[in-house]
Amino acid sequence: MNYQELIDDAVDAARTHLGHGRVADYIPALACADPNAIGMALATVDGEVFQAGDADRPFSIQSISKLFTLALVLAEGGDALWRRVGREPSGNPFNSLVQLETEHGIPRNPFINAGAIVVTDRLLGLTGDAAEHVRRFLRSESENPNLATNAAIAASEAEHGHRNAALAHFIASHGNLDNDVDAVLAQYYEHCAIEASCRDLALAGRFLARHGVRADGERLLSRSEAKQINAVLLTCGTYDAAGEFAYRVGLPGKSGVGGGVLAIMPGRGAVCAWSPALDPAGNSVAAVAALDAFTTASGLSVF
Ligand SMILES: NC(=O)CC[C@H](N)C(=O)O
(Lines give C-alpha, C1' and ligand atoms only; values in the text may rest on other atoms or scores of the structure.)
Protein backbone atom coordinates (compact mmCIF):
# COMPACT_ATOMS: atom_id res chain seq x y z
CA MET A 1 0.00 0.00 0.00
CA ASN A 2 1.54 3.34 -1.03
CA TYR A 3 0.36 5.46 1.89
CA GLN A 4 2.24 8.57 0.79
CA GLU A 5 0.59 8.62 -2.61
CA LEU A 6 -2.83 7.96 -1.09
CA ILE A 7 -2.45 10.82 1.38
CA ASP A 8 -1.15 13.21 -1.28
CA ASP A 9 -4.06 12.36 -3.57
CA ALA A 10 -6.60 12.65 -0.75
CA VAL A 11 -5.37 16.15 0.16
CA ASP A 12 -5.41 17.20 -3.50
CA ALA A 13 -8.99 15.96 -3.84
CA ALA A 14 -10.02 17.74 -0.64
CA ARG A 15 -8.50 21.06 -1.75
CA THR A 16 -11.40 21.41 -4.16
CA HIS A 17 -13.66 21.72 -1.08
CA LEU A 18 -11.76 24.68 0.39
CA GLY A 19 -14.02 27.70 0.39
CA HIS A 20 -16.98 25.62 1.57
CA GLY A 21 -18.15 25.62 5.17
CA ARG A 22 -17.50 28.11 7.96
CA VAL A 23 -14.82 28.43 10.60
CA ALA A 24 -16.32 28.06 14.12
CA ASP A 25 -16.84 31.49 15.63
CA TYR A 26 -19.00 30.72 18.65
CA ILE A 27 -15.66 30.48 20.47
CA PRO A 28 -14.29 33.88 19.31
CA ALA A 29 -10.62 32.85 19.63
CA LEU A 30 -11.19 30.09 17.05
CA ALA A 31 -12.59 32.48 14.44
CA CYS A 32 -9.15 33.57 13.24
CA ALA A 33 -8.18 30.09 12.00
CA ASP A 34 -7.05 30.02 8.35
CA PRO A 35 -9.91 28.47 6.30
CA ASN A 36 -7.49 27.52 3.51
CA ALA A 37 -5.23 25.39 5.68
CA ILE A 38 -5.41 21.67 5.05
CA GLY A 39 -3.25 18.84 6.32
CA MET A 40 -3.27 15.10 6.71
CA ALA A 41 -1.06 12.56 8.45
CA LEU A 42 -1.15 8.80 8.73
CA ALA A 43 0.77 6.87 11.40
CA THR A 44 1.04 3.12 11.12
CA VAL A 45 0.92 0.73 14.07
CA ASP A 46 4.67 0.26 13.82
CA GLY A 47 5.53 3.93 13.82
CA GLU A 48 5.89 4.99 10.20
CA VAL A 49 4.41 8.43 9.49
CA PHE A 50 3.21 9.80 6.15
CA GLN A 51 2.04 13.37 5.82
CA ALA A 52 0.78 15.94 3.34
CA GLY A 53 -0.08 19.65 3.33
CA ASP A 54 -0.14 21.43 6.70
CA ALA A 55 0.29 18.23 8.70
CA ASP A 56 2.78 19.80 11.11
CA ARG A 57 0.72 22.88 11.90
CA PRO A 58 -0.82 22.80 15.40
CA PHE A 59 -4.56 23.48 15.67
CA SER A 60 -7.14 23.48 18.46
CA ILE A 61 -8.10 19.85 19.00
CA GLN A 62 -11.42 20.71 20.70
CA SER A 63 -13.68 17.65 20.83
CA ILE A 64 -10.97 15.28 19.62
CA SER A 65 -9.82 15.51 23.26
CA LYS A 66 -12.99 13.56 24.18
CA LEU A 67 -11.51 10.41 22.67
CA PHE A 68 -8.51 10.68 25.01
CA THR A 69 -10.48 11.59 28.14
CA LEU A 70 -12.70 8.55 27.58
CA ALA A 71 -9.73 6.24 27.08
CA LEU A 72 -8.00 7.56 30.20
CA VAL A 73 -11.15 7.20 32.33
CA LEU A 74 -11.66 3.60 31.20
CA ALA A 75 -7.98 2.90 31.85
CA GLU A 76 -8.05 4.47 35.33
CA GLY A 77 -11.55 3.65 36.49
CA GLY A 78 -12.95 0.83 34.37
CA ASP A 79 -16.51 0.51 33.18
CA ALA A 80 -18.18 2.14 36.23
CA LEU A 81 -18.34 5.19 33.94
CA TRP A 82 -21.15 3.61 31.95
CA ARG A 83 -23.54 4.04 34.89
CA ARG A 84 -23.20 7.79 34.39
CA VAL A 85 -23.13 8.16 30.60
CA GLY A 86 -24.73 6.16 27.79
CA ARG A 87 -23.31 4.97 24.49
CA GLU A 88 -26.04 5.55 21.95
CA PRO A 89 -25.93 8.17 19.19
CA SER A 90 -27.84 11.28 20.19
CA GLY A 91 -29.03 12.35 16.74
CA ASN A 92 -28.75 15.90 18.09
CA PRO A 93 -26.11 18.64 17.83
CA PHE A 94 -23.03 18.20 20.04
CA ASN A 95 -24.07 20.96 22.42
CA SER A 96 -27.76 20.12 22.67
CA LEU A 97 -29.63 20.26 25.99
CA VAL A 98 -32.87 18.57 24.94
CA GLN A 99 -32.29 14.92 25.86
CA LEU A 100 -30.77 15.62 29.26
CA GLU A 101 -34.09 16.51 30.85
CA THR A 102 -36.05 13.44 29.78
CA GLU A 103 -33.01 11.22 30.41
CA HIS A 104 -32.46 12.48 33.98
CA GLY A 105 -29.02 14.01 33.56
CA ILE A 106 -27.44 10.90 32.00
CA PRO A 107 -25.87 12.08 28.72
CA ARG A 108 -26.43 9.90 25.66
CA ASN A 109 -22.75 9.27 24.94
CA PRO A 110 -19.25 10.43 25.92
CA PHE A 111 -18.62 12.36 22.69
CA ILE A 112 -21.29 15.04 22.92
CA ASN A 113 -20.48 17.94 25.24
CA ALA A 114 -22.78 16.74 28.05
CA GLY A 115 -21.17 13.31 28.06
CA ALA A 116 -17.66 14.69 27.84
CA ILE A 117 -18.36 16.94 30.85
CA VAL A 118 -19.28 13.83 32.88
CA VAL A 119 -16.15 12.03 31.61
CA THR A 120 -14.02 15.05 32.56
CA ASP A 121 -15.59 15.04 36.03
CA ARG A 122 -14.71 11.38 36.44
CA LEU A 123 -11.15 11.86 35.18
CA LEU A 124 -10.72 14.80 37.55
CA GLY A 125 -11.94 12.61 40.43
CA LEU A 126 -9.67 9.73 39.47
CA THR A 127 -6.49 11.71 38.80
CA GLY A 128 -6.79 15.19 40.32
CA ASP A 129 -6.05 16.92 36.98
CA ALA A 130 -7.90 15.80 33.86
CA ALA A 131 -6.35 18.21 31.34
CA GLU A 132 -2.79 17.53 32.49
CA HIS A 133 -3.41 13.80 32.07
CA VAL A 134 -4.57 14.33 28.50
CA ARG A 135 -1.57 16.57 27.72
CA ARG A 136 0.87 14.08 29.23
CA PHE A 137 -0.64 11.21 27.26
CA LEU A 138 -0.57 13.17 23.99
CA ARG A 139 3.00 14.34 24.56
CA SER A 140 4.29 10.86 25.15
CA GLU A 141 2.38 9.14 22.31
CA SER A 142 3.34 11.84 19.79
CA GLU A 143 6.85 12.35 21.18
CA ASN A 144 6.17 16.06 21.08
CA PRO A 145 7.11 17.61 24.42
CA ASN A 146 5.91 21.05 23.28
CA LEU A 147 2.27 20.08 23.03
CA ALA A 148 0.27 22.46 25.26
CA THR A 149 -3.06 24.13 25.95
CA ASN A 150 -3.65 27.50 24.31
CA ALA A 151 -4.71 29.52 27.36
CA ALA A 152 -6.31 32.28 25.28
CA ILE A 153 -8.62 29.78 23.56
CA ALA A 154 -9.54 28.13 26.87
CA ALA A 155 -10.32 31.56 28.35
CA SER A 156 -12.35 32.58 25.30
CA GLU A 157 -14.42 29.42 25.53
CA ALA A 158 -14.97 29.88 29.27
CA GLU A 159 -16.10 33.45 28.71
CA HIS A 160 -18.62 32.42 26.06
CA GLY A 161 -19.47 29.00 27.50
CA HIS A 162 -23.04 29.63 28.66
CA ARG A 163 -24.33 26.51 26.98
CA ASN A 164 -21.69 24.21 28.45
CA ALA A 165 -22.28 25.82 31.86
CA ALA A 166 -26.01 25.13 31.47
CA LEU A 167 -25.30 21.50 30.57
CA ALA A 168 -22.95 21.07 33.54
CA HIS A 169 -25.34 22.66 36.05
CA PHE A 170 -28.22 20.58 34.75
CA ILE A 171 -26.16 17.39 35.06
CA ALA A 172 -25.13 18.46 38.58
CA SER A 173 -28.78 19.02 39.50
CA HIS A 174 -29.32 15.33 38.79
CA GLY A 175 -26.40 14.40 41.04
CA ASN A 176 -24.24 13.26 38.11
CA LEU A 177 -21.19 15.46 38.83
CA ASP A 178 -18.88 14.66 41.75
CA ASN A 179 -16.74 17.80 41.55
CA ASP A 180 -17.50 21.50 41.64
CA VAL A 181 -19.17 22.59 38.37
CA ASP A 182 -16.70 25.41 37.70
CA ALA A 183 -13.71 23.17 38.35
CA VAL A 184 -15.04 20.57 35.88
CA LEU A 185 -15.75 23.20 33.22
CA ALA A 186 -12.28 24.71 33.62
CA GLN A 187 -10.74 21.28 33.03
CA TYR A 188 -13.04 20.64 30.08
CA TYR A 189 -12.05 23.92 28.38
CA GLU A 190 -8.40 23.24 29.12
CA HIS A 191 -8.34 19.87 27.37
CA CYS A 192 -10.45 21.12 24.44
CA ALA A 193 -7.97 24.00 23.94
CA ILE A 194 -4.93 21.74 23.59
CA GLU A 195 -3.11 22.39 20.31
CA ALA A 196 -1.69 19.53 18.29
CA SER A 197 -0.92 18.82 14.64
CA CYS A 198 -2.27 16.09 12.34
CA ARG A 199 1.03 14.30 12.85
CA ASP A 200 0.75 14.48 16.67
CA LEU A 201 -2.83 13.22 16.64
CA ALA A 202 -2.24 10.39 14.17
CA LEU A 203 0.61 9.18 16.39
CA ALA A 204 -1.51 9.59 19.54
CA GLY A 205 -4.47 7.72 18.03
CA ARG A 206 -2.46 4.61 17.30
CA PHE A 207 -3.20 2.98 20.67
CA LEU A 208 -6.72 2.31 19.39
CA ALA A 209 -5.35 0.75 16.20
CA ARG A 210 -2.98 -1.31 18.37
CA HIS A 211 -5.96 -2.70 20.30
CA GLY A 212 -5.15 -0.75 23.47
CA VAL A 213 -1.34 -0.85 23.44
CA ARG A 214 0.60 2.43 23.75
CA ALA A 215 3.60 3.50 21.66
CA ASP A 216 6.02 2.24 24.33
CA GLY A 217 4.41 -1.22 24.34
CA GLU A 218 2.56 -0.68 27.62
CA ARG A 219 -1.08 -1.77 27.61
CA LEU A 220 -3.46 1.14 28.36
CA LEU A 221 -6.74 -0.66 27.66
CA SER A 222 -7.81 -4.24 27.22
CA ARG A 223 -8.42 -5.43 23.69
CA SER A 224 -12.14 -5.38 24.34
CA GLU A 225 -12.09 -1.82 25.78
CA ALA A 226 -10.29 -0.64 22.64
CA LYS A 227 -12.94 -2.35 20.54
CA GLN A 228 -15.66 -0.67 22.58
CA ILE A 229 -14.17 2.82 22.16
CA ASN A 230 -13.82 2.28 18.41
CA ALA A 231 -17.48 1.23 18.27
CA VAL A 232 -18.64 4.34 20.14
CA LEU A 233 -16.43 6.48 17.87
CA LEU A 234 -18.08 5.00 14.82
CA THR A 235 -21.63 5.53 16.09
CA CYS A 236 -21.19 8.81 18.02
CA GLY A 237 -17.82 10.42 17.18
CA THR A 238 -19.12 12.90 14.64
CA TYR A 239 -22.34 13.83 16.48
CA ASP A 240 -25.55 13.91 14.46
CA ALA A 241 -23.55 13.27 11.28
CA ALA A 242 -22.12 9.93 12.49
CA GLY A 243 -24.27 8.03 10.00
CA GLU A 244 -23.02 10.19 7.14
CA PHE A 245 -19.41 9.85 8.32
CA ALA A 246 -19.73 6.03 8.48
CA TYR A 247 -21.28 6.09 5.01
CA ARG A 248 -18.56 8.23 3.48
CA VAL A 249 -15.44 7.32 5.44
CA GLY A 250 -16.28 4.02 7.11
CA LEU A 251 -13.86 4.36 10.02
CA PRO A 252 -14.28 5.09 13.73
CA GLY A 253 -13.52 8.80 14.01
CA LYS A 254 -13.65 11.86 16.22
CA SER A 255 -14.04 15.41 15.01
CA GLY A 256 -13.60 18.76 16.71
CA VAL A 257 -14.74 22.29 15.91
CA GLY A 258 -11.10 23.27 15.36
CA GLY A 259 -11.51 21.38 12.06
CA GLY A 260 -9.59 18.21 12.91
CA VAL A 261 -10.85 14.66 12.40
CA LEU A 262 -8.94 11.69 13.80
CA ALA A 263 -9.89 8.29 12.37
CA ILE A 264 -8.75 4.84 13.45
CA MET A 265 -7.85 1.97 11.13
CA PRO A 266 -7.91 -0.98 13.56
CA GLY A 267 -4.79 -3.12 13.17
CA ARG A 268 -3.19 -0.65 10.72
CA GLY A 269 -2.83 2.83 12.11
CA ALA A 270 -4.50 6.19 12.62
CA VAL A 271 -5.09 8.98 10.17
CA CYS A 272 -5.84 12.62 10.95
CA ALA A 273 -7.06 15.30 8.57
CA TRP A 274 -7.55 18.98 9.37
CA SER A 275 -9.05 22.02 7.74
CA PRO A 276 -10.86 24.68 9.79
CA ALA A 277 -14.08 25.33 7.83
CA LEU A 278 -17.01 23.28 9.17
CA ASP A 279 -20.30 21.93 7.91
CA PRO A 280 -23.51 22.67 9.87
CA ALA A 281 -22.98 19.63 12.13
CA GLY A 282 -19.55 20.96 13.18
CA ASN A 283 -17.40 18.59 11.14
CA SER A 284 -14.67 19.88 8.82
CA VAL A 285 -15.82 19.90 5.20
CA ALA A 286 -12.38 19.37 3.66
CA ALA A 287 -11.04 17.00 6.35
CA VAL A 288 -14.01 14.67 5.91
CA ALA A 289 -13.59 14.94 2.13
CA ALA A 290 -9.90 13.98 2.49
CA LEU A 291 -10.75 10.94 4.61
CA ASP A 292 -13.54 9.99 2.21
CA ALA A 293 -11.09 10.16 -0.73
CA PHE A 294 -8.52 8.15 1.23
CA THR A 295 -10.76 5.23 2.20
CA THR A 296 -12.51 5.23 -1.18
CA ALA A 297 -9.20 4.98 -3.07
CA SER A 298 -7.52 2.55 -0.65
CA GLY A 299 -10.47 0.40 0.39
CA LEU A 300 -9.17 0.77 3.97
CA SER A 301 -12.47 1.28 5.76
CA VAL A 302 -13.73 -1.19 8.38
CA PHE A 303 -16.37 -2.36 5.92
N1 LIG B 1 -17.56 19.84 18.87
C2 LIG B 1 -16.60 20.43 19.52
O3 LIG B 1 -15.44 20.38 19.15
C4 LIG B 1 -17.07 21.22 20.69
C5 LIG B 1 -16.00 21.48 21.71
C6 LIG B 1 -16.07 22.83 22.30
N7 LIG B 1 -15.01 22.94 23.26
C8 LIG B 1 -17.42 23.09 22.93
O9 LIG B 1 -17.62 22.75 24.05
O10 LIG B 1 -18.30 23.63 22.34
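The values are calculated or read from the model by the stated rules, or taken from the named source; none is laboratory data. What you see is a predicted model; the values in this text were computed from it and never measured. Reconstructed Cβ throughout: ideal geometry from the backbone, glycine too, with neighbour counts over all protein chains shown.
Suppose we keep only residues that are acidic (Asp, Glu) and within 16 Å of the ligand (Cβ to nearest atom) within region 216-267. Which one would you say is nearest to residue 86 (Cα to Cα)?
The qualifying residue nearest to residue 86 (Cα to Cα) is 240.
Yes or no: region 98-116 includes at least one residue that is touching a residue at least 12 places away in the same chain (Cβ under 8 Å), among the polar types (S, T, N, Q) and closer than 16 Å to residue 191 by Cβ.
yes
Go over the candidates 177, 185 one by one and state the one that is of a type in the set (A, V, I, L, M), touching a residue at least 24 places away in the same chain (Cβ under 8 Å), closer than 28 Å to residue 83 by Cβ and not in a helix (DSSP H, G or I).
177
Residues that are surrounded by fewer than 19 Cβ atoms within 10 Å (Cβ to Cβ), at least 1 per element: which helices (runs of 4 or more DSSP H) completely within region 190-303 meet that?
223-236, 242-248, 285-298
Give the residue that is farthest from the chain's Cα centre (by Cα), with candidates limited to residues of region 180-194 that are within 16 Å of the ligand (Cβ to nearest atom) and of a type outside the set (A, V, I, L, M, F, W, C).
Across region 180-194, the extreme among qualifying residues is 182.
Identify, please: which residue in region 45-68 is within 12 Å of the ligand (Cβ to nearest atom) and in a helix (DSSP H, G or I) and is, among those, farthest from the chain's Cα centre (by Cα)?
It comes out as 62.
With the structure loaded, tell me whether residue 131 is more than 18 Å from residue 237 (Cβ to Cβ), surrounded by fewer than 17 Cβ atoms within 10 Å (Cβ to Cβ) and at pLDDT 95 or above or whether it fails that test.
No, not satisfied.
Determine the pairs where a residue that is free of Cβ contacts under 8 Å to residues at least 60 places away in the same chain, located within region 283-297, has a partner that is surrounded by fewer than 24 Cβ atoms within 10 Å (Cβ to Cβ) and of a type in the set (S, T, N, Q) with Cβ atoms under 8 Å apart, the partner being 6 or more residues away or on another chain.
Pairs that qualify, where the first residue is free of Cβ contacts under 8 Å to residues at least 60 places away in the same chain and the partner is surrounded by fewer than 24 Cβ atoms within 10 Å (Cβ to Cβ) and of a type in the set (S, T, N, Q), are 295/301.
Test residue 157 against the stated conditions and say whether it is over 24 Å from residue 26 (Cα atoms) and under 19 Å from the mean Cα position of the chain (by Cα).
no
Check 59, 111, 50, 94 and return the single one that is aromatic (Phe, Trp, Tyr) and under 17 Å from residue 208 (Cβ atoms).
Only one candidate passes the filter, namely 111.
Yes or no: residue 134 under 19 Å from residue 83 (Cα atoms) and touching a residue at least 40 places away in the same chain (Cβ under 8 Å)?
no
So is residue 11 closer than 16 Å to residue 197 by Cα and either at pLDDT below 95 or part of a helix (DSSP H, G or I) (or both) or not?
yes
Across region 137-170, what is the number of residues that are among the hydroxyl-bearing types (Ser, Thr, Tyr) and either surrounded by fewer than 18 Cβ atoms within 10 Å (Cβ to Cβ) or closer than 24 Å to residue 80 by Cβ (or both)?
Going through region 137-170 one residue at a time, the tally reaches 1.
For (1) within 13 Å of the ligand (Cβ to nearest atom); (2) in contact with an Asp or Glu (Cβ under 7 Å, 6 or more places away or on another chain), each residue gets a yes or a no:
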position: 154; (1), (2): yes, yes
position: 169; (1), (2): no, no
position: 178; (1), (2): no, yes
position: 197; (1), (2): no, yes
position: 209; (1), (2): no, no
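Pick from region 88-116 the residues that are within 14 Å of the chain's Cα centre (by Cα) and at pLDDT 95 or above: which of them is farthest from residue 195 (Cα to Cα)?
109
Test of understanding: among 138, 177, 126, which residue is at pLDDT 95 or above and more than 20 Å from residue 79 (Cα to Cα)?
138
Filter region 108-125 for residues that are near the ligand (Cβ under 9 Å from one of its atoms) and part of a helix (DSSP H, G or I) and give the result.
Once the filter is applied, which keeps residues that are near the ligand (Cβ under 9 Å from one of its atoms) and part of a helix (DSSP H, G or I), region 108-125 yields 113, 116, 117.
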